[in-house]
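One structure is given below, encoded as structure tokens.
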Amino acid sequence: MSDTATSPAAAPPPGGPSGQPAGGRNRPSALRLRFQAVSGTLASIPITLFGLVLVTFFIGRVVPIDPVLAIVGDRAPQDVVEAARLQLGLDQPLYVQFWRYLGQIVTGDLGRSVMTSNPVTDDIIRFFPATFELATLALIIAMLLGIPLGVLAATRQGSWVDQAVRLFCLAGHSLPVFVLGLISLLLFYAHWGVLPGPGRQSIFYESMVDTRTGILTLDALLAGDWGAFQDALLHLAQPAGVLAMFSLAYIARMTRAFMLNELKSEYVTTARAKGLSRGTIVWGHAFRNTAVPLVTVLAMTYAGLLEGAVLTETIFSWPGLGQYLTVSLLNADMNAVLGATLVVGLIYVVLNLLSDLLYRLLDPRVK
């Protein structure tokens, strides 16, 4: 006889023999659901990366730039051009070229740069620490300023403080990065002379600190050279400040929106009715729930900074990934362009997945 036909007298108590809710044995635990969600997210990484490689490869093939001519030159004899094309495998069908390219990427081979004559992987390893250093400092500044400004504007909605913060965010989003960079150089370097000019290091300190990590400030600290550390930090100030200005405007705007949504919640009204202090309500309750969606905002902001701020690095002559990508594109160095683009896409994928995992771990409501 089926369970639905069991008489009420013979039916087990609602809590079951062990006191658990009915159906508890068939209901998966929260830990199991979270593990399944994390497993599904991790399983999507290979598919995402494959799609990224596929799109990157075919974009590189449809660009109207002949990589063979970039290598041998425009005036090379036709037989030399054909020999180079044959050697590079560009005479094969596109699907054959793609599987060959995919096999190279799996082994970490992104080809050789025409511009530097070095493996693209080595170039990226050499240029990326400068971008990492710049992006990390910019994100720290943006977080320390943007989050408090967003919270301040939300708690004073409609006041002059709120209007000032919103105007500041609008200006940060509206002004192009290259305009902010040029204004910064004009004021702090040319007019007032309080900060050094373009570049990552002064000539006096070049090659004085051993390169261990590629991050100048960290290498100077490890070497105990405070003069080199101060010089590297001063050179960081302008480009990091420009990037932080653009990023903190976005962070402050999103923080304000999240906080306004939380401050209108019923639990905030209940907390006020209980007589809790303003600081406890704002920071102890509302901001704790706001911090969960902010994880995604910060991760995507960091990914945008790590991709290489092309204009900022160009204006300040910052030898990072963005400048490397720009110069490679101008020199028709397609191996370098494709390799750097692939790294940028990989950064986005990894940080997006990490933010998704953190979101699931921090918010138990997300399954």
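The values are calculated or read from the model by the stated rules, or taken from the named source; none is laboratory data. All figures in this text were calculated on a predicted structure; none of them were measured in a lab. Using ideal geometry, Cβ is built from the backbone for each residue, glycine included, and neighbour counts are taken over all protein chains shown. What goes into the accessible areas is simple: the full protein's heavy atoms, side chains included, and nothing from ligands, DNA or RNA. Shrake-Rupley method; radii C 1.70, N 1.55, O 1.52, S 1.80 Å.
For the chain, what is the mean residue ellipticity at 222 nm derived from helices alone (per DSSP H run of n ≥ 4: -39500 (n - 2.57); sum divided by total residues; nearest 500 deg cm²/dmol)? Numbers along the way, then the final one.
Values: 14 runs with 241 residues, N = 367.
Roughly -22000 deg cm²/dmol at 222 nm, from the helical runs in the chain.
Cα gyration tensor of segment 223-367, axes a ≥ b ≥ c as square roots of the eigenvalues: rounded (a/c below 1.5), prolate (a/b > b/c) or oblate?
Prolate.
Grab the Cα-Cα distance for L167 and V179, subtract it from 0.36 nm times how many residues apart they are, and report the gain in nm with one decimal. Intermediate values should be presented prior to the final figure.
Numbers: separation 12, 0.36 × 12 = 4.32 nm, distance 1.77 nm.
Taking 0.36 nm per residue and subtracting the Cα distance, the gain is 2.5 nm.
Sort largest first and round to whole Å: the equivalent ellipsoid semi-axes of segment 86-236, each the square root of five times a Cα gyration tensor eigenvalue.
Numbers: eigenvalues 314, 139, 51 Å².
Each semi-axis is √(5λ); the values are 40, 26, 16 Å.
Subtracting the Cα-Cα distance from 0.36 nm times the residue separation, let me have the gained length for A237 to M208 in nm, one decimal.
Working: separation 29, 0.36 × 29 = 10.44 nm, distance 2.08 nm.
Going from the current span to full extension adds 8.4 nm.
Any idea what the dipole of the chain comes to, in debye rounded to 20, about its Cα centre with Lys/Arg Cβ at +1 and Asp/Glu Cβ at -1?
1980 debye
Can you work out the FRET efficiency for the pair Q230 and I47, with r the C-beta to C-beta distance and R0 = 45 Å, to the nearest 0.05?
The formula returns an efficiency of 0.45 here.
Quick check: pseudo-label points 7 Å beyond the Cα along Cα→Cβ at N261 and N118, how many nm apart are they?
Going by the 7 Å Cα→Cβ label model, 4.4 nm.
Among (i) -0.20, -0.47; (ii) -0.31, -0.64; (iii) -0.36, -0.72, which is the computed log10 I(q)/I(0) by the Debye sum over Cα atoms at q = 0.06, 0.09 Å⁻¹?
The value computed from this structure is option (iii).
So for the chain, averaging the separation of alpha carbon pairs under 8 Å that are six or more residues apart and normalising by length, what relative contact order in percent results? Walk me through the numbers on the way to the answer.
On the way: 380 pairs, mean separation 92.5, N = 367.
Here the relative contact order equals 25 percent.
I need the peptides 241-250, 200-209 ranked by packing, meaning the mean over residues of other C-beta atoms within 10 angstrom, with the highest value on top.
Numbers: 241-250: 23.1, 200-209: 14.8.
Taking the mean over residues of other Cβ atoms within 10 Å, the ranking is 241-250, 200-209.
So with the 1.4 Å probe, I'd like the accessible area per residue for the chain, rounded to whole Å². Show your work: numbers first, answer last.
Values: 20670 Å² over 367 residues.
Per-residue value: 56 Å².
Between 0 and 90 degrees, rounded to the nearest ten: what's the tilt of helix 120-155 against the longest Cα principal axis of the chain?
40 degrees
Compute the FRET efficiency between V96 and M300 as 1/(1 + (r/R0)^6), taking r as their Cβ-Cβ distance and R0 = 35 Å, and round to the nearest 0.05.
Working: r = 36 Å, r/R0 = 1.04.
Approximately 0.45, to the nearest 0.05.
Using a 1.4 angstrom probe on heavy atoms only, work out the carbon and sulfur share of the accessible area of segment 59-143 in %. Write down the numbers at each step before the final one.
Details: 3160 of 4980 Å².
The value for segment 59-143 is 63 percent carbon and sulfur by accessible area.
Projected onto the charge dipole of the chain (+1 at Lys/Arg Cβ, -1 at Asp/Glu Cβ, origin at the Cα centre), which of L182, V96, A76 gives the Cα projection farthest towards the positive end?
L182
Nearest 20 debye, what's the magnitude of the dipole of segment 155-295 about its Cα centre given +1 on Lys and Arg Cβ and -1 on Asp and Glu Cβ?
In total the dipole reaches around 940 debye.
Rounded to the nearest 0.05, what FRET efficiency do L362 and L276 give with R0 = 22 Å and r taken as the Cβ-Cβ distance? Could you check?
0.45
Distance from the Cα centre of segment 280-301 to that of segment 157-214, in angstrom?
Going from one Cα centre to the other spans 27 Å.
Test of understanding: extend the Cα→C-beta vector of L218 to 7 Å, then name every residue of segment 321-359 with backbone N under 16 Å from that spot.
321
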